[in-house]
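Working notes, structure below.
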Amino acid sequence: MSIVLALLAGLLVGTTPARAAAAISQVTGFGTNPGALKMYRYQPDGLPAGRPVVVAMHGCTQTAAAYGTGTGWVHLADRWKFTVVLPEQQQANNLNRCFNWFQPTDTTRGRGEAESIAQMVRRAKADGAGTAYATGLSGGGAMTSVVLATYPDLFAGGGIVAGLPFGCATSVVDAFSCMNPGKDLTPAQWAAKVPAHPGPWPTVSVWHGTADHTVAPLNQQEIVDQWTALHGIPPTPSFTDAVGGFPHAGYRDTSGRTVVETHTITGMGHGQPVDPGTGTGQCGTAGAYILDVNVCAAYRMGLSWGLDT
């Protein structure tokens, strides 16, 4: 009889469906979605309530899933246990799948794509996520500037990769001049483009390649000018060093906290830095506009936001 019971138990175990592993999945019904974006999300298995959420926005021509995996954010979410929200642009909104970071109807609080992304964050928080961060590449980097400037109450920090300052353009034609050669304004002029907010402001990490001919490297300094002015500090570094062999600068507030930083990737073109491999600081998979330069931007941002704790 014991042998029969053992065989029966084995059959029952064998026919029990295995629980599906975590995967990037679409989330619907996250709000009114005035910008008509798609929401994708990755939540690792065993995710405790209250862990952070990172909103990662793809660049033009990219998809949410490819960006999330290629840049290393999904891998880091498994390692450090946090949620990744991946907004996706639709061609009905923009033929090249660029976020419309230059359209006032999409860059104003409570309207368009900016509000859709805010609704995604609110949905993630309602489902148990904690502190929110935003990041993105190129058009996604420019949209990161938008949501940090218009929803500073939702985001504790952000990472702008090959992006642009908030308020640089208000039309398609103007957008191209912002991208290259860029607009050289004073810190006060950049800060004046951002809606008033009593604070605190998000921290900002800015990444740019010196050989970027799509979004001119000038934009890195203009983003620094905007955010140091909002934080009420000078646009000159408090310290400089190197990260992964590339120039790194930090801008500290009066309490000594680094609230703005830059990573200047010497010789890199237009794209997001990754460092494929299995080492501690390695993440990402090289591809179109995801460039292997032996430093992973997602990993470094995650460390600066404390996602590893």
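No lab work stands behind these numbers, since they all come straight from the coordinates. The shown structure was predicted, so the numbers you read here are calculated from the model rather than taken from an experiment. Cβ atoms come from the backbone with ideal geometry, glycine included; neighbour counts cover every protein chain shown.
Starting from the Kirkwood Rh over alpha-carbon pairs, what translational D in µm² s⁻¹ does the chain have by Stokes-Einstein at 10 °C and 1.306 mPa s?
Values: Rh = 19.8 Å.
The calculation lands on 80 µm²/s.
What FRET efficiency, computed as 1/(1 + (r/R0)^6) with R0 = 30 Å and r the Cβ-Cβ distance, is obtained for V173 and T210, rounded to the nearest 0.05?
Between V173 and T210 the formula returns 0.65.
Report, ordered by chain and residue number, the lysines lying within cross-link reach of K193, taken as a straight Cα distance under 18 Å and ignoring same-chain residues fewer than 8 apart.
Correct list for K193: K183.
Projected onto the charge dipole of the chain (+1 at Lys/Arg Cβ, -1 at Asp/Glu Cβ, origin at the Cα centre), which of P234, L185, G68 gives the Cα projection farthest towards the positive end?
The one lying farthest along the dipole's positive direction is G68.
When the dipole is taken about the Cα centre of the chain, and only Lys, Arg (+1) and Asp, Glu (-1) are charged at their Cβ, what size is it in debye, to the nearest 20? Intermediate results must be reported in sequence, preceding the final value.
Values: 17 positive and 19 negative charges, 143 e Å.
Its charge dipole is roughly 680 debye.
Within the chain, which complete DSSP H helices have Cα atoms spanning at least 15 Å along the helix axis and a mean Kyte-Doolittle hydropathy of 1.6 or higher?
2-15
Where in segment 126-152 does the label zone of R257 land, with the point 7 angstrom along Cα→C-beta and an amide N cut-off under 16 Å?
Correct set: 131-134, 152.
Take the Cα gyration tensor of segment 196-287, multiply each eigenvalue by 5, square-root it, and list the three semi-axes largest first, rounded to whole angstrom.
Numbers: eigenvalues 131, 50, 31 Å².
Semi-axes (√(5λ), whole Å): 26, 16, 12.
Can you tell me the dipole magnitude for segment 97-166 around its Cα centre, using point charges on the Cβ only (Lys, Arg +1; Asp, Glu -1), in Debye to the nearest 20?
Rounded to the nearest 20 debye, it is 60 debye.
Identify all aspartates and glutamates with a Cα-Cα distance to K125 below 16 Å; exclude those on the same chain that are fewer than 8 residues away in sequence.
By straight Cα distance, K125 reaches E115, D153.
Between segment 179-242 and segment 32-98, how many Å separate their Cα centres?
Rounded to whole Å, the Cα centres lie 24 Å apart.
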